[in-house]
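First the structure, in the form of structure tokens, and then the observations on it.
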Amino acid sequence: MLSARRRWTVLAVCCLSMFLVGLDTTIVNVGLPAIGRGLDVDTRGLEWIVDAYTLVLASLLISSGALADRFGRRRVFQCGLAVFGAASLVCALAPSAGVLIAARALQGIGASMLSPVALAIVVNAMPDPKERAKAIGVWASVFGLSMAAGPVTGGALLAGLDWRALFWINAPVIVAALLLSAVFVPESRAPRARRLDLPGQVLLTMVLAVVVGVLIEGPRFGWTSPAALVGYAWAAVATAGFVWVESRRREPLMDLRLFGRPAFSGAVVGAVAVFVALNMTLLLNTLYLQHTREWTPLAAGMATLPLAVGATVCAPWSGRMVGGTGPRLPLLLAGGFITVGALCLVQLTPHTSVFLLLAAYSLIGIGFGFANAPITNTAVNGLPPARAGVAGAITSTARQLGAALGIALAGGLVTATSPTELALASRPGWILVAICGVLLLLVAHTSRTKGASTAPPPRKRGEPRDSSQRTVVR
């Protein structure tokens, strides 16, 4: 049993790594115009620079969580830091868009070993449910802050340096996290090794890549073209194959039985919706302010400060609410604030008042802050503690899928749009953000109140009991 000081130190170290993962998800957004000019890349290429990271991250999260449960969470965590750091250096030195996209994909591999593993380490270090709920609130606050602060940080770096500084900044954080994890983070694993589900991993990667690829390339080759129809069919077949394979494996990559439980499936849908809303907001904001209104990257990044403040203030508050009364109220608040914030911008014009823009971003940030803790808590409590790595990975996969979809959808709306027409073209995007808020309101009605059972689903024949999978910490 770790002391209280040690437990919260472990949380701080994990939060440092999560800040890095979240920051890299959004810091590039504000630098996209500069990257496009520097490497001569069009809007579709810029979308791939962002989504190469999120796609690989989303695809590998569950396998990385299972690897951590098997080989040791601290070991996989440190390996992820090393891969992420090396990939960041390649990004900073990339001579072309192709190299940058490949390096971003490598960053995604490293990040996949950080996100679910950090959450699993926190969950296993906090055995008390109330303390765990508070810790998850802090974790969600840091992750939310990093996502929201990315554009601000990126804008500040671009004010005095070029776009390569967006990746150089990772180096000192990586070194600090490696040193601190070696000193303070205990090793932990599930004593019974789970088999890797390679067919499921391949099919999941295929589904995500095809869906996002069609969304990004659809405006170029046409939504009803033969290429698009092939993409739709490929995605449908891959999805059906994934469901078929996973339903027949003894130790699947993703236990599909969990999605039969409204609370768990609602948490996954909510995670996708929240990150679609956030990433559409950030990308549409960047393109609108820098192209239509000709703001500098720093000014465009500073415009998202209300969003970052709202997310930072409300996330720990949401964690306390989850620990005290359950997830329903913070989810209702999250859905309401995101919906109202998006509706403020459905009539966006090139001359919309700055006050209305900042108010809308603030409302969306508050909603984002309230959303993360109840979603994460519900998903983690849906699995036994020994499967904490997989539990965190499922939620994180949903988040990153939402991020990739948000970028692809936003980019598809404004591809080949002139600066003067961008505000009008982005209006459907704000309607989609509002729909995401409404989805959260619906998810709130499937969430469990305080004290509800979080028992895992029935065991399949031959599966060990949860008591035999207790996490070993040393």
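The values are calculated or read from the model by the stated rules, or taken from the named source; none is laboratory data. Since this is a predicted model, take the numbers as computed values, not measurements. Positions of Cβ are generated from backbone atoms using ideal geometry, with glycine treated the same way; all protein chains shown enter the neighbour counts. Ligands, DNA and RNA are stripped out before the accessible areas are found, and what is left, the full protein with its side chains, is counted by its heavy atoms. Shrake-Rupley method; radii C 1.70, N 1.55, O 1.52, S 1.80 Å.
The set of residues in the range 3-43 that are of a type in the set (Asp, Glu) and open to solvent by less than 10 Å² (accessible area, probe 1.4 Å) contains only Asp24. Taking residues in the range 412-435 that are under 14 Å from Leu343 (Cα atoms) and surrounded by fewer than 19 Cβ atoms within 10 Å (Cβ to Cβ), and partners anywhere that are acidic (Asp, Glu) and at pLDDT 85 or above, not one pair has Cβ atoms closer than 9 Å while being at least 6 places apart or on different chains.
Yes/no per residue for (1) in contact with a helix residue (DSSP H, G or I) (Cβ under 8 Å, 6 or more places away or on another chain); (2) under 30 Å from Ser3 (Cα atoms):
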| position | (1), (2) |
| --- | --- |
| Leu166 | yes, no |
| Ala176 | yes, yes |
| Leu196 | yes, no |
| Met206 | yes, no |
| Val210 | yes, no |
| Val214 | yes, no |
| Pro219 | yes, no |
| Pro226 | no, no |
| Gly231 | yes, no |
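Whether a residue is more than 20 Å from Trp168 (Cβ to Cβ), at pLDDT 85 or above and in a helix (DSSP H, G or I) was assessed, and Val50 does not pass this test.
In summary, Phe143 fulfils each of the numbered conditions (1) modelled with pLDDT under 85; (2) closer than 24 Å to Leu32 by Cα; (3) of a type in the set (A, V, I, L, M, F, W, C); (4) surrounded by fewer than 24 Cβ atoms within 10 Å (Cβ to Cβ) with the single exception of condition (4).
Tell me which residues, restricted to the range 92-117, are of a type outside the set (S, T, N, Q), open to solvent by less than 10 Å² (accessible area, probe 1.4 Å) and assigned to a helix (DSSP H, G or I).
In the first step, residues of the range 92-117 are kept if they are of a type outside the set (S, T, N, Q); the result is 92-95, 97-106, 108-111, 113-114, 116-117.
Filter once more, keeping what is open to solvent by less than 10 Å² (accessible area, probe 1.4 Å): 92, 94, 100, 103-104, 108, 110-111, 114, 116-117.
Correct list: Ala92, Leu100, Ala103, Arg104, Gly108, Gly110, Ala111, Pro116, Val117.
Taking the conditions (1) surrounded by fewer than 24 Cβ atoms within 10 Å (Cβ to Cβ); (2) modelled with pLDDT of 65 or more; (3) in contact with a helix residue (DSSP H, G or I) (Cβ under 9 Å, 6 or more places away or on another chain) in turn, Ile407 satisfies each one other than (1).
Being within 24 Å of the chain's Cα centre (by Cα) and open to solvent by 30 Å² or more (accessible area, probe 1.4 Å) narrows it down to one residue among Val175, Val183; which is it? Working first, answer last.
Numbers: Val183 fails: within 24 Å of the chain's Cα centre (by Cα).
Criteria check complete, one pass: Val175.
The set of residues from the range 197-231 being among the hydroxyl-bearing types (Ser, Thr, Tyr) and under 18 Å from Leu55 (Cβ atoms) comprises just one member, Thr205. Residue-level check: of (1) modelled with pLDDT of 80 or more; (2) open to solvent by less than 30 Å² (accessible area, probe 1.4 Å), Gly137 misses just (1).
Would a scan of the range 69-91 turn up a residue that is modelled with pLDDT under 85 and open to solvent by 10 Å² or more (accessible area, probe 1.4 Å)? First the steps, then the outcome.
Narrowing the range 69-91 to residues modelled with pLDDT under 85: 69-73.
Checking the rest, the ones that are also open to solvent by 10 Å² or more (accessible area, probe 1.4 Å) come to 70-71.
Yes, some residue in the range 69-91 is modelled with pLDDT under 85 and open to solvent by 10 Å² or more (accessible area, probe 1.4 Å).
Output yes when any residue across the range 44-61 is under 22 Å from Val202 (Cβ atoms), in contact with a Pro (Cβ under 7 Å, 6 or more places away or on another chain), in contact (Cβ under 8 Å) with a residue 40 or more places away in the chain and open to solvent by less than 50 Å² (accessible area, probe 1.4 Å), and no when none is. Yes: one or more hits.
If you scan the range 220-238, which residues turn out to be surrounded by fewer than 17 Cβ atoms within 10 Å (Cβ to Cβ) and in a helix (DSSP H, G or I)? Full working, then the answer.
From the range 220-238, those surrounded by fewer than 17 Cβ atoms within 10 Å (Cβ to Cβ) are 220-230, 232-233, 236-237; that's our starting set.
Answer for the range 220-238, where residues must be surrounded by fewer than 17 Cβ atoms within 10 Å (Cβ to Cβ) and in a helix (DSSP H, G or I): Arg220, Phe221, Pro226, Ala227, Ala228, Leu229, Val230, Tyr232, Ala233, Ala236, Val237.
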